[in-house]
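Contents: one structure, followed by commentary.
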Amino acid sequence: MALGRRIGGPDLPCTPLGYSRRVIGNRIRELRQARKMTVRDLAAHAGVSTGRVSQVERGLTDPSLETLRKLSAALGLPLFDLFRQDEPDDVAVVRRDRRIVVRSPQGGIEYTRVSAGSARLEVLEGVLEPGGASSREGFSHPSEECVVVLSGRLVVEAGGGRHELGPGDSCTFDSRVPHRYLNEGGDPARFLVSVTPPSR
């Protein structure tokens with residue numbers, strides 16, 4: 001599968017290809033300032049240190065995926081909006097080689113954003129390696145989510161239940177309930193996830 005810009009795992013640096021530390025840092029600073037937040041405000045809302053936010057904004061460090069998730073949530077944005085590119089309002093085409101990819105080698109999960117960056121609907125293509133999980137424990141966010149399996153097998157843990165899916169099967173749920181995806185099979189699982197509004 002041809003992939004675009006890559007972002008690292010939850011505890012690993014994640015500067016995507018085509019983006020420098022400074023570009024990511026400048027984007028976070030601009031978003032923070034637009035919200036009239038201080039570095040200290042953003043750090044407190046994100047649950048990270050003031051020093052970490054300052055280092056990220058100045059391009060002195062590559063933030064981990066977990067840090068980016070916390071910062072984007074504190075800024076009230078979907079994670080992928082930190083890497084948003086300008087696109088037409090009415091029609092947006094995302095070329096396969098221009099997609100942004102988020103990877104978590106520790107969990108064996110990779111998400112590729114298929115939809116345009118500022119859309120009200122987020123569509124992700126996921127690949128979950130055998131034995132992998134989308135997160136260590138259930139994750140929740142105020143959205144509605146639908147997953148459809150393209151190949152392999154996927155277990156959806158949501159709302160206290162386990163739902164085993166094969167190719168062509170789908171599962172829709174309220175994302176406010178803790179949920180995660182597991183691959184208990186021997187082959188990679190490929191799937192599409194649609195989330196509205198985009199997860200923060």
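The values are calculated or read from the model by the stated rules, or taken from the named source; none is laboratory data. Because the structure is a prediction, the values reported are computed rather than measured. Glycine gets a Cβ as well: all are built from the backbone with ideal geometry, and neighbour counts include every protein chain shown. For accessibility, only protein heavy atoms count, side chains too; no ligands or nucleic acids. Shrake-Rupley method; radii C 1.70, N 1.55, O 1.52, S 1.80 Å.
Any chance region 140-162 includes a residue that's outside any loop (DSSP other than H, G, I, E, B), modelled with pLDDT under 90 and open to solvent by less than 80 Å² (accessible area, probe 1.4 Å)? The answer is no; no qualifying residue exists. Filter region 3-36 for residues that are at pLDDT 85 or above and open to solvent by less than 30 Å² (accessible area, probe 1.4 Å) and give the result. Of everything in region 3-36, those that are at pLDDT 85 or above and open to solvent by less than 30 Å² (accessible area, probe 1.4 Å) turn out to be Gly25, Ile28, Leu31, Arg32. Examine region 123-131 for a residue that is open to solvent by 50 Å² or more (accessible area, probe 1.4 Å), in contact with a Phe, Trp or Tyr (Cβ under 9 Å, 6 or more places away or on another chain) and at positive phi, and state whether such a residue exists. So far as region 123-131 goes, no, none of its residues is open to solvent by 50 Å² or more (accessible area, probe 1.4 Å), in contact with a Phe, Trp or Tyr (Cβ under 9 Å, 6 or more places away or on another chain) and at positive phi. So, of the residues in region 111-139 that are more than 14 Å from Ser194 (Cα to Cα) and in contact with a Leu (Cβ under 8 Å, 6 or more places away or on another chain), which turns out to be modelled with the lowest pLDDT? Checking each candidate, the answer is Ser134. For the condition touching a His at 6+ places or on another chain (Cβ under 7 Å) and not in a loop (DSSP other than H, G, I, E, B), Phe191 does not qualify. Which residue is nearest to Arg98 (Cα to Cα), if the candidates are limited to region 54-83 and must be over 19 Å from the mean Cα position of the chain (by Cα) and part of a helix (DSSP H, G or I)? Taking the candidates together, the pick is Glu57. Arg200 passes every criterion in (1) open to solvent by 70 Å² or more (accessible area, probe 1.4 Å); (2) at pLDDT 95 or above apart from (2).
With respect to the conditions (1) surrounded by 14 or more Cβ atoms within 10 Å (Cβ to Cβ); (2) under 21 Å from the mean Cα position of the chain (by Cα); (3) not in a strand (DSSP E or B), Arg176 falls short on a single one, namely (1).
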